[in-house]
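So the structure is just underneath, and the comments pick up after that.
The values are calculated or read from the model by the stated rules, or taken from the named source; none is laboratory data. Not measured: the values here are computed from a predicted model. Cβ atoms come from the backbone with ideal geometry, glycine included; neighbour counts cover every protein chain shown.
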Amino acid sequence: MSPSEVDMALYMFDKLEGKKERLIEAKGLGKQEKIDKIMEIIEEILDGAITVSNREEVIKAGWSGRIRGSAQKLEREMRKLAQRGDLTGMFKFYSNPLRSFRGKRIGAWLEKYNKKSLESEYEKVKKIYSNSND
């Protein structure tokens with residue numbers, strides 16, 4: 001079975017089994033807990049981006065390095081902001097690529113392979129951030 005067939009089989013299994021997304025209840029969370037939850041989401045996006053960047057179709061299209069590099073930069077910069085405890089900076093940095101051509105194109109590649117993207121996880125991050133106490 002090829003990797004794409006495995007991905008599709010897992011996607012269909014999740015869809016048919018009614019996989020329930022873990023709801024994030026951000027109310028009452030402290031600032032560090034919110035930062036940690038956002039970083040968990042960033043790690044999931046990074047993992048998916050690395051996987052997608054190794055796909056033959058992505059490599060042939062010339063997007064492999066862009067996807068990998070952008071994901072690694074996102075993780076690196078978000079980690080710096082997290083270490084400083086800058087929740088607002090994290091949300092702004094997370095939101096910026098959503099408006100750029102490159103960010104939208106990378107999101108499209110991730111969604112094509114059923115991976116989490118900045119777009120697909122935006123509402124979760126927004127909910128965590130918007131319930132902040134700063």
Please give the number of the condition residue 62 fails out of (1) in a helix (DSSP H, G or I); (2) over 14 Å from the mean Cα position of the chain (by Cα); (3) farther than 14 Å from residue 36 by Cα.
-> (1)
Do we have residue 70 as surrounded by 15 or more Cβ atoms within 10 Å (Cβ to Cβ), out of contact with any Lys or Arg (no Cβ under 9 Å at 6 or more places or on another chain), small (Gly, Ala, Ser) and under 30 Å from residue 29 (Cα atoms) here?
-> no
With 12, 8, 39, 1 as the choices, which residue is over 15 Å from residue 107 (Cα atoms) and modelled with pLDDT of 95 or more?
-> 39
Could you please tell me which pairs satisfy a Cβ distance under 8 Å, a separation of 6+ or placement on different chains, a first residue in region 32-56 that is farther than 16 Å from residue 128 by Cα and free of Cβ contacts under 8 Å to residues at least 24 places away in the same chain, and a second residue that is polar (S, T, N, Q) and surrounded by 14 or more Cβ atoms within 10 Å (Cβ to Cβ)?
-> 53/64; 54/64
Could you tell me which numbered condition residue 115 fails, if it satisfies all but one of (1) over 14 Å from residue 38 (Cα atoms); (2) of a type in the set (D, E, K, R); (3) in a helix (DSSP H, G or I)?
-> (3)
Counting only residues that are under 14 Å from the mean Cα position of the chain (by Cα) and either polar (S, T, N, Q) or surrounded by 19 or more Cβ atoms within 10 Å (Cβ to Cβ) (or both), region 76-90 contains a total of 2
